[in-house]
Number of protein chains: 2
Amino acid sequence: MSIDISPTSARAAGRPREFDIDEALDKAITVFSEQGYHGTSISDLREAMGLTAGSLYKAFKDKHAIFLASFDRYKQVRNALLDEELAKATDGRDGVRRMLAFYAEGAHGDGGRRGCLAVGTAVELAIFDDEAARRVERSMDRFETTFEALIRRGQEDGTVNRSIEPNATARLLLSVVQGLRVLGKTSPSRAQTFSVVDVAMTLLD
Amino acid sequence: MSIDISPTSARAAGRPREFDIDEALDKAITVFSEQGYHGTSISDLREAMGLTAGSLYKAFKDKHAIFLASFDRYKQVRNALLDEELAKATDGRDGVRRMLAFYAEGAHGDGGRRGCLAVGTAVELAIFDDEAARRVERSMDRFETTFEALIRRGQEDGTVNRSIEPNATARLLLSVVQGLRVLGKTSPSRAQTFSVVDVAMTLLD
DNA sequence: CCTATTTGGAAACAATCATTTCCTAATTGG
DNA sequence: CCAATTAGGAAATGATTGTTTCCAAATAGG
């Protein structure tokens, strides 16, 4: 029995995995987003991920673990894209607009129909699944905090009205964004979706 | 073979049903709201509704029919309550406030955790279930139209700013309301929920 | 009172569910 | 090159799924 401090890059003993875990999770994200957790069977996942049950259960403990891993990857990818977008923001107001536009972009057309995995998880699993609920709450908190920070930044740089309440307004914008994801399920037009963004922006005047 | 134009009140031949359909559907609504369609088994429904499988399948064609009947009753009850609330409105602005408050009231605490059956249906079933999707769309349209009518009424009676665009603003309010239902799944406080309503109302100034 | 009709309810149904088992294949370390 | 370890994959697992069947009970109309 020896203490193992091997780097993660070192390949473990045994036959190497023949598929990329993240690529497989990306397929799982699509299925879970479209069909939900209970609506997705292991067969659905096998087919979408191109794996046999054996491989699935060697890579993940069970269906629930596949779901949580999919959720985590979904958030990681989406957050990275959002951060990239927010890095371009010239001021607080521009940041809010970019953030709203980022979600509006995902809430219409095919992506809107597919849905948001965080919203789906909140609606389907948050009551009885503590691990899922914790992840949803963390995700919502992050959005709210980011909105609030952008509003405060705008109030300092003069692009956002100083008399509005940052936290309450951030929470309203969070509601709008989650609501757009729900409405996106009935595939509204791009214009319809972005008109909501335009109205929301007037709150900063 | 004779043409039957008997009133619906006349009892048909055969053993009479021993349970009230609407009461049973109210139990089903709770289960479907909490667990979703795929997360709810016939056993769950039997237990909640206090019925045997035989009785269930004599009253309804199948699980899907139970769900649609539950959805229809949910909307009927909620719409009746909303109409009652809106009848008290003194002007357009007051109507918008009452409508927002009506949903905020249902979106926090235990009711918020339980969730909205329309939102759950939109998220879980709208893509692959046409009958469910049609019902969701009709429900959303009704909300949007009601909001828009209240805004126009407010613009006429002088309680709502005449320079705002009624349709776009109505759609934003619709988004807010749906978003509150999503956020309600992580059981926010009453104050947190209503602060969103207060901010939304400033759009009418 | 008899027939037709419908419900209540237990038991049975095939199908599908998530998961495991078992064997072979592929790799690492010694 | 051998032992240990892990992955791939087909087949089997028991449990649960939604639904049906069958029989007794309760009603209406004739």
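The values are calculated or read from the model by the stated rules, or taken from the named source; none is laboratory data. Only a predicted model underlies this, so the values are computations on that prediction, with no experimental measurement involved. Ideal geometry is used to build each Cβ from the backbone, glycine not excepted, and the neighbour counts take in all protein chains shown. What goes into the accessible areas is simple: the full protein's heavy atoms, side chains included, and nothing from ligands, DNA or RNA. Shrake-Rupley method; radii C 1.70, N 1.55, O 1.52, S 1.80 Å.
Tabulated results
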item	result
Test: A:ARG181 is within 9 Å of chain B (Cβ to nearest Cβ), closer than 22 Å to B:LEU183 by Cα and of a type outside the set (Phe, Trp, Tyr)	yes
Those helices (runs of 4 or more DSSP H) lying entirely in the stretch B:104-205 with at least 2 residues open to solvent by 30 Å² or more (accessible area, probe 1.4 Å)	B:109-114, B:130-157, B:190-201
Residues being in contact (Cβ under 8 Å) with a residue 12 or more places away in the chain and open to solvent by 30 Å² or more (accessible area, probe 1.4 Å) - total across the stretch A:87-96	2
Scan of the stretch A:157-172 for residues that are within 9 Å of chain B (Cβ to nearest Cβ) and aliphatic (A, V, I, L, M), ordered by number	A:ILE164, A:ALA168, A:LEU172
Among residues of the stretch A:50-71, those that are more than 20 Å from the chain's Cα centre (by Cα) and more than 10 Å from DNA strand C (Cβ to nearest atom), counted	3
The stretch B:190-205 residues that are facing chain A (nearest Cβ under 10 Å) and on the phi < 0 side of the Ramachandran plot, paired with ones that are modelled with pLDDT under 95 and open to solvent by less than 30 Å² (accessible area, probe 1.4 Å) (beta carbon under 6 Å, 6 or more apart)	none
Residue ranges of helices (runs of 4 or more DSSP H) in the stretch A:26-86 with at least 3 members under 25 Å from B:PHE32 (Cβ atoms), in contact with a helix residue (DSSP H, G or I) (Cβ under 8 Å, 6 or more places away or on another chain) and not polar (S, T, N, Q)	A:42-49, A:63-86
Candidates A:ARG46, A:ARG93, filtered to the one that is within 16 Å of DNA strand C (Cβ to nearest atom) and over 20 Å from A:ARG181 (Cα atoms)	A:ARG46
Which listed residue is away from chain A (no Cβ under 11 Å) and at pLDDT 95 or above, from B:ASP129, B:ASP94	B:ASP94
Those residues of the stretch B:159-201 which are of a type in the set (S, T, N, Q) and either under 22 Å from A:TYR103 (Cα atoms) or not assigned by TED's automatic domain parsing to the domain that holds B:GLY106 (or both), in sequence order	B:ASN167, B:THR169, B:SER175, B:GLN178, B:THR186, B:THR193
The stretch B:28-55 residues that are touching a residue at least 40 places away in the same chain (Cβ under 8 Å), paired with ones that are more than 9 Å from DNA strand C (Cβ to nearest atom) and open to solvent by 40 Å² or more (accessible area, probe 1.4 Å) (beta carbon under 6 Å, 6 or more apart)	B:SER33/B:ARG114; B:GLU34/B:ARG114
Where a residue in the stretch A:147-158 is closer than 20 Å to A:PHE102 by Cβ and its partner, wherever it lies, is open to solvent by 20 Å² or more (accessible area, probe 1.4 Å), with Cβ under 7 Å and at least six apart	A:GLU148/A:ASN167; A:GLY154/A:ASP91; A:GLY154/A:ARG93
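Residues checked against (1) within 22 Å of B:VAL123 (Cβ to Cβ); (2) near DNA strand D (Cβ under 8 Å from one of its atoms); (3) open to solvent by less than 30 Å² (accessible area, probe 1.4 Å):
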position: B:GLU23; (1), (2), (3): no, no, no
position: B:PHE32; (1), (2), (3): yes, no, yes
position: B:GLY36; (1), (2), (3): yes, no, yes
position: B:SER41; (1), (2), (3): yes, yes, no
position: B:GLU47; (1), (2), (3): no, no, no
position: B:LEU51; (1), (2), (3): no, no, yes
position: B:LEU56; (1), (2), (3): no, yes, yes
position: B:SER70; (1), (2), (3): yes, no, yes
